[in-house]
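For reference, the structure is listed below as structure tokens.
Please treat every number below as a calculation from the coordinates, not as lab data. Quick caveat: nothing in here was measured; it's all calculated off a predicted structure. FYI the Cβ positions are ideal-geometry reconstructions off the backbone, even for glycines, and counts take in every protein chain you see.
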Amino acid sequence: MINLNKKFIAAIFLASLTFSIGCNEILDEQPRGIYTPEDFTTERGISQGVTSLYRQMRTLYGNGYWLNANMTGTDEATWAQSADGNFRDLDMTGAAGSINSSTFPTSMVWGSVFPSINTANGIIQNGSGAGIPESLISEARFFRSFYYFLLVQTYGGVPLDLGSGELAFNIDPKTTSERNTVTEVYTKAIFPDLIKAIDNLPANARVKGGVTKNVARLYLSKAYLTYAWWLQNPNSIPTYPETPRTDPDGHNAQWYFQKAYDIALEGISNPGNYALQPTYYDLHRGSNDRNSECMLYADHTEASEYFNEGVIQASYGDGWSPNNFAAWMLTWNYTNIRSSSSSTSWTSVSPVQRAATQDLGRPWTRMAPTIQVIKNTFADKTNDSRYDVTFVTTYRGNWNKEGTGLTNVATLYNANSLPVHPGDAILTFLNDDSQLPSYGSGGGQSNIGAGTLPGRADWVVAPNGINRIVYPGIWKIGTYRTDNGNGLGYPNPSLTRPFVAAKFSEFYFLAAEAAVKGASGSLSARDLINVIRARAGKWVWSVNGNIAKVQDNSAAMTAATPSTITLDYILDERSREYFGEGYRWYDLVRTQTWGQKAASYSIGGVNYGDHTPQTVNRSIQNYHYLRPIPRDQLDRMEVSAEIKAKYQNPGYN
């Protein structure tokens with residue numbers, strides 16, 4: 001049984017909303033709280049059902065626990081000082097916690113997407129009879145494949161029959177369930193839906209943010225690539241339900257690697273309205289959201305609480321879907337930094353206040369980057385702009401904003417008792433360990449255990465001094481608002497930015513990975529990766545310098561690219577490009593490198609002043625490459641304990 005209530009077969013509360021941006025309307029439907037089977041016999045009901053498929057993305061994309069599920073425990077992130085079990089369990093260290101069928105973050109995909117799959121089933125089954133054009137029905141085909149692709153990557157084989165037959169619209173919930181094999185999910189659902197979607201979707205979106213031929217191409221390429229890895233199975237990772245790793249159409253892994261390459265190049269050659277942004281900074285600055293590189297996203301807005309489904313101007317925010325609050329998890333409590341209001345005695349004040357700006361926002365201190373991320377993944381901080389755009393490494397004074405009580409204070413005194421002014425650096429995370437700060441003991445005058453360097457007014461922390469409570473925050477997905485006025489704005493409500501699920505840039509990565517696996521064509525893996533690296537070398541603004549920086553380091557970036565591209569290099573490049581966006585666990589699971597890449601990491605402790613890196617070893621077993629079937633699913637099934645045990649993925653009983 002999949003959790004489908006008759007009254008809510010296609011229901012998602014407030015699933016159909018009205019809002020417009022620019023010249024295109026977004027999902028222009030009337031709001032409905034409940035959908036019934038009868039709604040799927042009408043043009044209006046089916047159109048609203050399509051809208052609900054877009055809205056459903058908000059249950060995952062932008063949800064901080066979903067980001068945690070895809071980052072913590074990988075080589076990108078570990079738990080931070082304020083983390084609860086939802087984060088510690090995912091770290092795979094045993095002592096901190098462990099994953100089981102009751103672990104919440106690993107259950108999120110299963111728990112959220114089946115109602116949307118059934119909605120898509122209803123649209124596909126009844127759409128033509130209700131006079132719906134195939135182009136709109138193909139939006140439902142895309143989302144059915146999109147959600148099944150998430151499921152099969154996460155859990156292995158999953159049910160195609162929700163109660164009324166395979167891929168049929170179900171209006172009669174059952175108390176039993178049977179899982180199809182991985183092969184069946186790909187070849188019966190994902191591939192056919194995406195192929196038909198490519199044939200029938202428009203080249204340019206029906207609405208702003210709507211799916212198109214090229215969005216379907218991106219996911220077909222990725223699905224082919226993932227299935228090819230599954231067929232090849234180089235590290236003997238088990239699958240479940242058990243099934244031979246043979247393709248029913250007789251194709252081998254190499255055939256699918258080539259198809260992934262070909263479809264990706266087709267997407268690059270037929271971009272439609274999509275294109276790479278000129279710089280990595282342009283891609284991520286909040287004022288340029290929904291740009292040409294963003295192909296699919298869970299949308300939010302600052303203009304309408306109704307559309308946003310959450311408070312916009314308030315002193316609080318709901319840390320739950322459908323809100324976007326992912327950035328909070330990677331933001332530490334920078335408001336604990338202290339300066340002095342006196343030059344003669346240390347009189348503590350807070351120089352960096354919580355503000356609704358892209359570099360600050362609401363701090364939850366749940367996830368932290370590892371030291372290896374700072375030192376190794378982003379080793380080149382001079383030519384490559386992506387470190388500067390990804391992280392907040394300079395925290396600047398904003399105590400003069402309205403409402404702080406320090407509006408008329410022009411000068412504070414910081415490290416070495418040197419004066420600082422609004423906009424000056426208060427705390428800086430150094431780029432390397434060439435200088436050893438004097439940290440002192442405990443929290444010190446900075447209150448957060450930061451150090452000093454001679455002649456510098458800013459507190460400093462070197463890469464080796466990063467710990468679970470003080471670390472570079474996230475900039476690229478951070479808060480952005482236009483209604484702050486002269487004050488701190490509204491930093492506590494959920495973010496009003498879209499959370500991006502797919503970007504045009506990934507075509508280059510998919511084709512490059514397929515090329516490394518033996519696919520051939522007009523562009524080599526190095527050619528493809530260098531398109532991305534050349535863009536990364538172009539600067540127009542330094543986020544952490546807070547200053548214009550017009551440099552073109554693309555020649556240096558491409559020259560530094562190895563002549564022979566390896567899988568490891570592609571994975572490192574993917575982490576530089578997509579850190580903090582929720583790609584990593586799926587990348588490492590697809591390529592069967594999770595156990596290798598994330599086996600250990602280093603970071604300081606949980607207390608201010610902990611600057612001694614600790615090496616932590618993870619225990620990642622082969623069975624962990626599939627997440628457990630959630631306990632709630634098993635509890636709802638009215639079958640024997642033996643059948644439930646067989647339904648669960650091995651290793652989790």
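What the table shows:
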item: Mean shadow area of the range 432-474, taken as a quarter of the surface of its Cα convex hull (nm²); result: 3.4
item: Sites matching chymotrypsin sites (Phe, Trp or Tyr not before Pro) across the range 317-360 that sit in DSSP coil, with at most 16 neighbouring C-beta atoms within 10 Å; result: Trp320, Trp346
item: Separation of the Ser102 and Trp255 label points, Cα + 7 Å toward Cβ, nm; result: 4.6
item: Degrees, to the nearest 10: 191-200 long Cα axis against longest axis of the chain; result: 90
item: Charge dipole (the chain, unit charges on Cβ, about Cα centre) - positive-most of Pro454, Asn200, Pro351; result: Pro454
item: Entries in Lys503/Lys597; Lys381/Lys538; Lys222/Lys517; Lys196/Lys259; Lys196/Lys222 that, when Cα-Cα distance is taken, lie over 22 Å; result: Lys503/Lys597
item: Mean residue ellipticity (222 nm) of the chain, computed from DSSP H runs ≥ 4 via -39,500 (n - 2.57), nearest 500; result: -8500 deg cm²/dmol
item: Listed residues Thr239, Ala228, Val516: farthest to the positive end of the dipole of the chain (Cβ charges); result: Val516
item: Radius, Kirkwood style, for the range 442-535 when every pair of distinct Cα atoms is counted (Å); result: 18.4
item: Against the rule of thumb 2.2 N^0.38 Å, how large the Cα Rg of the range 58-151 comes out; result: 1.43
item: Value of Rg/Rh across the chain [Cα atoms, Kirkwood radius]; result: 0.97
item: Relative contact order %, the chain, counting alpha carbon pairs below 8 Å whose residues are six or more apart; result: 18
item: ³J(HN,Hα) computed for each position of the range 352-357 - Karplus, 6.51 cos²θ - 1.76 cosθ + 1.60, integer Hz, glycine/proline x; result: 10, 8, 4, 9, 8, 10
item: Computed magnitude of the charge dipole of the range 285-416 (debye, nearest 20; Cβ of K, R +1, Cβ of D, E -1); result: 580
item: Contact order normalised by residue count of the range 63-126, Cα under 8 Å, 6+ apart, percent; result: 24
item: Computed magnitude of the charge dipole of the range 362-460 (debye, nearest 20; Cβ of K, R +1, Cβ of D, E -1); result: 260
item: For the range 569-636: rounded, prolate or oblate by the Cα gyration tensor [a/c cutoff 1.5]; result: oblate
item: Gyration tensor verdict on the range 169-259 (Cα atoms; rounded if a/c is under 1.5, prolate if a/b is larger than b/c, oblate otherwise); result: oblate
item: The chain - charge dipole about Cα centre, Lys and Arg +1 at Cβ, Asp and Glu -1, debye rounded to 20; result: 600
item: Residue (of Thr42, Met557, Ile529) at the positive-pole extreme of the chain, dipole from beta-carbon charges; result: Met557
item: Two-site FRET efficiency, Asn607 against Asn486, from Cβ-Cβ distance with R₀ of 35 Å, rounded to 0.05; result: 0.45
item: Distant alpha-carbon pairs in the range 378-511 (separation over 22 angstrom), percent; result: 52
item: Protection-proxy order for peptides 80-90, 209-219, each taking the mean of Cβ atoms within 10 Å per residue, highest first; result: 209-219, 80-90
item: HN-Hα J in Hz across the range 270-278 - Karplus 6.51, -1.76, 1.60, θ = phi - 60°, x for Gly and Pro; result: 10, x, x, 8, 8, 6, 5, 6, x
item: Paramagnetic reach from Asn273 in the range 190-206 [backbone N under 12 Å; point 7 Å along Cα→Cβ]; result: 202-206
item: The range 69-121 shape via C-alpha gyration tensor axes, a/c threshold 1.5; result: prolate
